[in-house]
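The values are calculated or read from the model by the stated rules, or taken from the named source; none is laboratory data. Just so we're clear, the structure is a prediction, and the values are computed from it rather than from any experiment. Note that each Cβ is placed from the backbone with ideal geometry, even for glycine, and that neighbours are counted across all protein chains shown. These accessible areas exclude ligands, DNA and RNA; they are computed on the full protein's heavy atoms, side chains included. Shrake-Rupley method; radii C 1.70, N 1.55, O 1.52, S 1.80 Å.
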Amino acid sequence: PQPFPTKQEEPFKIIWFGSNLNFEYLLNQLPSLLQVRIRDLKIELTVLGAPLAANRMKEFCERNREKIKWNIRIIVWDPRDQPNQLESELDRAHICLIPSNPKDPAKTGVSPNRLVDALRGGCVTVASPMKSYREFNEISLQEGKIRDLLMEAIRNYNDYSKKLTTNRESLLSKFDPELNANSWHLIWKSIQG
């Protein structure tokens, strides 16, 4: 995880990344999230998404220019530069936001991929309590309102990043990319005979 900013001019960096469908959940939370203030801490939000999400975020920023006190970075997802782009953006962030709606039928059976990516990338992660995220309760914040969880994560960032560093390896070991690639290789080999 990134160290907490020690200089007043350094921003505390939050990232959201995902699909156009997932952007709707962020958009619904943004008016509340953008009200978060912690003393003199400068907050930066990076939105990494497809062109549609990026354009909608730009429109939101233009409509709400006077209300937004955070610095907003909008980055278009580059499918030719993955996983490098995602890893680079996660590497510079302190916190990853993954808002969703556990009651939305479209989210039934959602995978934990974004949560796992964020945790593997070293981000303290604030997420909606999806069923597939439960096994990561120990190293992510999921219970409560996203805005309140974000304030908790910022205020106690050093404690949460230490907890993440200590427990991440054991909880994420089954998601190791090399282990998964080898497993798929073995399955493919057994199918081919």
Can you work out which of the residues in the stretch 88-114 that are in contact (Cβ under 8 Å) with a residue 12 or more places away in the chain and polar (S, T, N, Q) is least open to solvent (accessible area, probe 1.4 Å)? SER100
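Conditions (1) touching a residue at least 60 places away in the same chain (Cβ under 8 Å); (2) surrounded by 13 or more Cβ atoms within 10 Å (Cβ to Cβ), marked per residue:
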| position | (1), (2) |
| --- | --- |
| SER32 | yes, yes |
| ARG37 | no, no |
| LYS42 | no, yes |
| GLU62 | no, no |
| LYS67 | no, no |
| TRP70 | no, yes |
Provide a single number: the residues in the stretch 101-140 that are farther than 19 Å from ILE43 by Cα, under 16 Å from the mean Cα position of the chain (by Cα) and not in a helix (DSSP H, G or I). 9
Are any of the residues in the stretch 164-178 basic (Lys, Arg) and in contact with an Asp or Glu (Cβ under 9 Å, 6 or more places away or on another chain)? no
Counting residues that are basic (Lys, Arg), which helices (runs of 4 or more DSSP H) fully inside the stretch 1-100 reach at least 2? 51-63
Take GLY109 and tell me if it is in contact with a strand residue (DSSP E or B) (Cβ under 7 Å, 6 or more places away or on another chain) and small (Gly, Ala, Ser). no
